[in-house]
1. What distance in nm separates the simple spin-label points at F237 and F269, each placed 7 Å from Cα in the Cβ direction?
2. State the extension gain, in nm to one decimal, for the chain segment bounded by E213 and I141, taking 0.36 nm per residue of separation less the distance between their alpha-carbons.
3. Could you compute the FRET efficiency for I247 and K303, with r as their C-beta to C-beta distance and R0 at 41 Å, rounded to 0.05?
4. So how do H312, H58 line up by other beta-carbon neighbours within 10 Å, fewest first?
5. With each label point set 7 Å from Cα along the Cα-Cβ vector, what nm distance links T192 and E112?
Amino acid sequence: MPHNLYLHSSIVQTRNINKTEHGLKQAIKFSNLDSLFALNLAFLVNAGILILAASVFHRSGNYGVDDILQTHKLLEPILGNTLVPILFGIALIAAGQSSTITGTYAGQIVMEGFINLRIQPWVRRLITRIMAIIPSIFVIIYFGDSSTANLLILNKVILSLQLSFAIVPLIHLIHFVSSKIIMKGFVISIKTKIIAWILSALIITLNIKLVVETLKDWITIENTKPLTYIPIFILCFVFGLLLMYIIFEPIINGVYNNRVINIHGKTHFPKINKITSYNKIALALDFTKNDGAVLSHAVNLAKQDTILILIHVIESAGASIYGTQVNDRKRLNFYVEQLTKLGIKNSIYEVGYGKAEKSIAEIVEKQSADLLILITYGHKGITDILFETVTNKVKHKITIPILIAR
């Protein structure tokens, strides 16, 4: 698969190696052995499939078996064993899982290493799996189970076409690995560079030939309407422009500039802005033991003239209707009295209703607070999704600094 070119090249980064010339050479050596072993193992698996087909179907006179569904149904009567089709199905599932895992890993390598796009792993997996599964489900539902064979063939054709878009960026990387300034003792030879360009040009030429011949066949079909193949022409043209851009853009703009070598730009120390003292500090309280952390930070940050704004939000509808907020106001008033004893003379409180994040944001804006102190519950994994705290929501609704107490 084309994307695995990037995955194989990143394997070396997973090794715990010595950062010496000998250690780096050893890491590259083992990385090459890893790739060589994996590719040869894949070759043996593919060869085994062909040998199985020849020994089982051709020898028994079943020359027209060209579909996975036919293969699955014929394995049991021909071989006389009910376990064989089950093992065949397990092998297909294993192959699909392997493809899924490597595809997700390769996407991570490309996004983080080439375009500096870092997103949460579960989001990346969700996006990549949806993009892979939904088209397949649509084809099966719309065209039926019999379309799976054609879908597999189309998948292999698309992977072949994608090979050009995967290998050309690697060619541009050859500009780096052939530079003595960058690679020093690990620079590739001119022979390797020439072979890489020749193989890439050959792959691109064969793919262009495949596309042109396929489009010619579609046009020559008598019943084919222009509305059927014109969008395909436009799509091929767009992909052709994209390929040209990938090939020539690094050459035109230069591949040795800082934009490519250093994704963070030039090193500089940022300007330090003057931060005034916090005159109004808002505190989000929930009347639990967590209030201790919030109040502790507020008291230690407060100066003599600092105003503390105690905020409590009543989220239940019944509380705002039946007046149970009276007890909440009494507790807030008790907090104000205790803060006064600690030397904080300027303390007020506000009670909000409804959604906590919305009420807190409105009170913060109303009181013109300079800082908001919240508590975090430290949820992880699935609990962070099920019991999402106000902290994550309220940060999108206010513009002042937020202090998360623990």
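Readers should treat all values here as calculations from the given coordinates under stated rules, not as data from a laboratory. Keep in mind it's a predicted model, so treat the numbers as computed, not measured. For neighbour counting, all protein chains shown are included, and Cβ atoms are generated from backbone atoms with ideal geometry for every residue, glycine included.
1. It is 5.6 nm.
2. Taking E213 through I141 to full extension adds about 22.9 nm, to one decimal.
3. That pair, I247 with K303, gives E of 0.10.
4. H58, H312
5. For the pair T192/E112, the computed spacing is 2.5 nm.
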